[in-house]
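Written out below as structure tokens is the structure these notes cover.
Derivation of every value follows stated rules applied to the coordinates shown; laboratory data play no part. All values derive from a computational prediction rather than experimental measurement. Every residue, glycine as well, gets a Cβ built from its backbone with ideal geometry; the counts of neighbours run over all protein chains shown.
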Amino acid sequence: MSLQLSVARLSLGETTLVQDLHLDVPPGAVHTVMGDSGSGKSSLLAAVCGTLAPVFRFEGKVTLHGRRIDTLPTEARRVGILFQDDLLFAHMTVRENLLFAVPPGPRGEREAAVAQALADLELPGFAHADPATLSGGQRARVSLMRALLAQPQALLLDEPFSRLDAALRQRMRDFVFATVRARGIPVLLVTHDEADVADPARLTRLTRL
């Protein structure tokens, strides 16, 4: 379930953001992308998941599981993404937010998956809580787990730990990295924090061209 990204050119108008970039992320690996603001990090993730705005131009190819996906609509790519903002559904409880991501199946199994997720997140008593009542760190954890519960074949992370305090950041980082390794999910991680680098051998630094 490797994720392969080949970028001949990613541009905004006449401005080239990324060019001649080739990444091969094997199952369970985390490839980190770092760089200055404006170097194209988040745009690169958008090109992979299919949310790149029309003002951008992507020349290249993205394959997942050996299947080309950059020509597919976003919902058909099976790529999960977590942004800096948690984007939880305000009209749903924490449980409902998580349940929304669980694939169709027997109700008992889906509820059990949510219960386990809440335990893993250290939020077992928050099933019926309003997301608005959660702290920033709690919201970030719920959003992260919602992305994982959707069982993506690849996962894109854009500064996912930045809202958490230092101790929780390390625990969540360890949890995410262990989970994607166990599930064989290739991950592209955008961050400014050197501590987020899972494998120094899988690190790309972008510079403004």
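A few points about this structure:
- Rounded to the nearest 10 degrees, the angle from helix 166-183 to the longest Cα principal axis of the chain is 80 degrees.
- For the chain, built as a Gaussian network whose Cα springs stay under 10 Å, the top-fluctuating residue of 195, 46, 29: 195
- Qualifying trypsin sites (Lys or Arg not before Pro) for the stretch 87-177 [loop in DSSP, other Cβ within 10 Å: at most 13]: none
- Loop-exposed GluC sites (Glu not before Pro) per DSSP, neighbour cap 16 Cβ within 10 angstrom, longest uninterrupted part of the chain: 15-121
- Computed over neighbours whose Cβ is under 15 Å from that of residue 66, the net charge equals +3, Lys and Arg +1, Asp and Glu -1.
- Added length on full extension, which subtracts the Cα-Cα distance from 0.36 nm per residue, residue 170 to residue 91: 25.4 nm
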